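Colleague: Could you have a look at this structure, given as structure tokens, before my questions?
The values are calculated or read from the model by the stated rules, or taken from the named source; none is laboratory data. Here the structure is a predicted model, which is why all the values come from computation and not from measurement. We place every Cβ from the backbone using ideal geometry, glycine too, and count neighbours over all the protein chains shown. Accessible surface is based on the protein model in full, side chains and every heavy atom, while ligands, DNA and RNA are left aside. Shrake-Rupley method; radii C 1.70, N 1.55, O 1.52, S 1.80 Å.
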Amino acid sequence: QVQLVESGGGLVQPGGSLRLSCAASGFDFSRYSMSWYRQAPGKERELVAIIPDAANTGTNYAESVLGRFTSSRDNVKNTVFLQMNSLKPDDTAVYYCKVRYWSGGRYADYWGQGTQVTVSS
């Protein structure tokens, strides 16, 4: 079955960097675009980045992270990454990866368990 497992979160000072990973299994990873979302306390979950499948190019980013975050994927290791630089306290959130998977004649969203990122001095 589809599984997504995030890792790499932690506590970092403002201006610091973190690299998140999302290990995927149970589907043909290279054929699917992958997304990163985040949810801060008391706020709705928001889209951070969408990285296309292996046949396409051009990752889209939320305006709030543009120029600071970079997403990439390794289609051999079935893993997607989110490199986060110049972190700000407003980046504090639980970060999730997601895949919209086609199965049984319909799309369904699968989420990882999330990884906590805390930006604080």
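Colleague: Condition test on ARG19, is it touching a Gly at 6+ places or on another chain (Cβ under 8 Å), closer than 13 Å to TYR95 by Cα and of a type in the set (Lys, Arg)? Write out each step before concluding.
Modeller: On the way: touching a Gly at 6+ places or on another chain (Cβ under 8 Å): yes; closer than 13 Å to TYR95 by Cα: yes; of a type in the set (Lys, Arg): yes.
Here the answer is yes, as ARG19 does meet what is asked.
Colleague: Sticking with this structure for a sec: Among the residues in segment 3-10, are any more than 14 Å from the chain's Cα centre (by Cα) and hydrophobic (A, V, I, L, M, F, W, C)?
Modeller: No, that holds for no residue.
Colleague: Separate question: For segment 20-42, enumerate the residues that are within 10 Å of the chain's Cα centre (by Cα) and within 14 Å of THR115 (Cβ to Cβ).
Modeller: So the first thing to find is which residues in segment 20-42 are within 10 Å of the chain's Cα centre (by Cα), and the list is 20-22, 34-38.
Listed by number, the residues that qualify are LEU20, SER21, CYS22, TRP36, TYR37, ARG38.
Colleague: Filter segment 90-107 down to the residues that are of a type outside the set (S, T, N, Q) and under 14 Å from VAL65 (Cβ atoms) and list them by number.
Modeller: So the first thing to find is which residues in segment 90-107 are of a type outside the set (S, T, N, Q), and the list is 90-91, 93-102, 104-107.
Selection gives ASP90, ASP91, ALA93, TYR95.
Colleague: Six or more apart or on different chains, Cβ atoms under 7 Å: show the pairs whose first residue is in segment 104-117 and within 22 Å of ASP90 (Cα to Cα) and whose second is in a loop (DSSP other than H, G, I, E, B) and among the small types (Gly, Ala, Ser).
Modeller: Qualifying pairs under 7 Å: THR115/GLY8; THR115/GLY9; GLN116/GLY9; VAL117/GLY9.
Colleague: If you don't mind, there's one more thing I want to ask. Limited to segment 69-115, what total is found for residues that are open to solvent by less than 50 Å² (accessible area, probe 1.4 Å) and of a type in the set (Lys, Arg)?
Modeller: 2
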